[in-house]
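Worksheet: the structure to be examined is printed underneath.
Nothing in this text is a laboratory measurement; each read-out follows from the coordinates by a stated rule. Quick caveat: nothing in here was measured; it's all calculated off a predicted structure. Positions of Cβ are generated from backbone atoms using ideal geometry, with glycine treated the same way; all protein chains shown enter the neighbour counts.
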There are 2 protein chains.
Amino acid sequence: MAKAPDELYRARFLVEQLKISDKYLRRLMTDLSKAGFIRSIQGRDGGYVFAKSIANIHLSEIVDAVEGMDKYLGCVLGFEECSDDNPCVMHSAWLPMREKLLETFSNKTLADLDFEHVNKY
Amino acid sequence: MAKAPDELYRARFLVEQLKISDKYLRRLMTDLSKAGFIRSIQGRDGGYVFAKSIANIHLSEIVDAVEGMDKYLGCVLGFEECSDDNPCVMHSAWLPMREKLLETFSNKTLADLDFEHVNKY
DNA sequence: CTAAAATAATACCCTCAAGTAGTATTTGAA
DNA sequence: TTCAAATACTACTTGAGGGTATTATTTTAG
Ligand code: SF4
Ligand code: SF4
């Protein structure tokens, strides 16, 4: 969609392109629309359109909308309880990574992705 | 083990400490010993000892030994085929992360981890 | 010789997240 | 008022990874 961000896309079409199940797509799209990235138009001749400029859609926001960004900020070692005063052995070593990850996903927007030389989704 | 790297540790003991299954522990330990990090001593009064200084054991090597480092260098999006000339949309955005990850795991050694203020494993 | 240790190989189980499927409802242009 | 679209909710399937279990073998101090 980001290739031609002003078009209207109907679910049917997207499902064919992405080769995923109808219901699954709709679930995701609904999530995204609730998050305000796209606008969903119901009724006949409905579909999905971007609701804001793709330059204003940060990757972290998308992740948050569909699965929760927190997941990726958790521990490498998979511990539940985690704080600076109850650290695991990796704590200090891992911190810079977390920073970098957060930074990457927070700074990059949809517009930063390279949709031109790409033939897989 | 890295807390007192010169001791001999028997499987029985480690199993109790880590609360994981006997067989599982042994599998891991055997992997590690094959990789040359620890030496396994068979027979009665046997056990496991470090075979090299913990300052010479890089995290990436450990991961390689037990599950394969490559796993973590793959794509964010989970595509199989991936190369610079068949990139996915995230390719350029993701590269720095991969670098950082590789760097972290390659540079840090067991000795860099903080075993002092830690009470969970 | 024997007991206590590690090794080996293989099959099994369990859980969880990703994805599918079913079915009924609402919306709105023509 | 009809029809094609999106929504909502719930149940199901599936696959992979992390971990267990079994059983049999080998090693070595005492
Ligand atoms: S203390 Fe740090 S490294 Fe350890 S589990 Fe928590 S966040 Fe992860
Ligand atoms: S092209 Fe880059 S971002 Fe895309 S799947 Fe391959 S490694 Fe990952």
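Of note:
- GNM flexibility winner over chain B from B:GLU67, B:GLU80, B:GLU16 (Cα, springs under 10 Å): B:GLU80
- Rounded to 10°, Cα long-axis angle of helix B:91-107 versus longest principal axis of chain B: 20 degrees
- Residue order, fewest to most beta carbons within 10 Å, for B:ASP85, A:ASP70: B:ASP85, A:ASP70
- Taking amide hydrogens as placed 1.01 Å from N in the peptide plane, the amide H of A:ILE38 sits under 5 Å from those of A:SER33, A:ALA51, each at least 5 positions away in sequence or on another chain.
- For chain B, a Gaussian network of Cα nodes joined below 10 Å ranks B:GLY46, B:GLY78, B:GLY36 by mean-square fluctuation, and the top entry is B:GLY78.
- Take the Cα of B:VAL63, go 7 Å toward its beta carbon, and the backbone nitrogen atoms of the range B:13-28 under 20 Å from that spot belong to B:28.
- Taking the Cα centre of chain A as reference, the dipole from Cβ charges on Lys and Arg (+1) and Asp and Glu (-1) amounts to some 760 debye.
- Chain B, relative contact order in percent, only Cα pairs under 8 angstrom and at least six apart counted: 27 percent
- Pairwise Cα distances in the range B:1-82 exceed 22 Å in 33 percent of cases.
- Copy-to-copy label separations for B:LYS3, where each label sits 7 Å from Cα toward Cβ, in nm and ascending: 5.7
- Taking a straight Cα-Cα cut-off under 29 Å and skipping sequence neighbours fewer than 8 places away in the same chain, the lysines within cross-link reach of B:LYS120 are A:LYS71, A:LYS100, B:LYS3, B:LYS19, B:LYS23, B:LYS34, B:LYS52, B:LYS71, B:LYS100, B:LYS108.
- Projecting 7 Å from Cα along the Cα-to-Cβ direction, the label point of B:GLY74 sits 1.9 nm from its equivalents in the other copies, listed shortest first.
- Computed from Cα atoms, the angle from the helix A:22-34 axis to the main principal axis of chain A rounds to 70 degrees.
- Each principal axis of the protein assembly as shown carries a Cα extent, and these read 78, 39, 30 Å when sorted largest first.
- At q = 0.20 Å⁻¹, base-10 log of I(q)/I(0) for the range B:36-121 (Debye sum, equal scatterers on each alpha carbon): -1.01
- For the range B:44-52, 3J(HN,Hα) per residue [Karplus equation, 6.51 cos²θ - 1.76 cosθ + 1.60, θ = phi - 60°, Hz, x = Gly/Pro]: 4, 6, x, x, 10, 10, 5, 9, 9
- The ranking of B:LEU95, B:LEU59, A:LEU28 from fewest to most other beta carbons within 10 Å of each one's beta carbon is B:LEU95, A:LEU28, B:LEU59.
- For the rotational copy pair A/B, the chain A residue whose Cβ lies nearest the symmetry axis, together with its distance in Å, is A:LYS100, 2.
- Residue order, fewest to most surrounding Cβ atoms within 10 angstrom, among A:LEU102, B:LEU32: A:LEU102, B:LEU32
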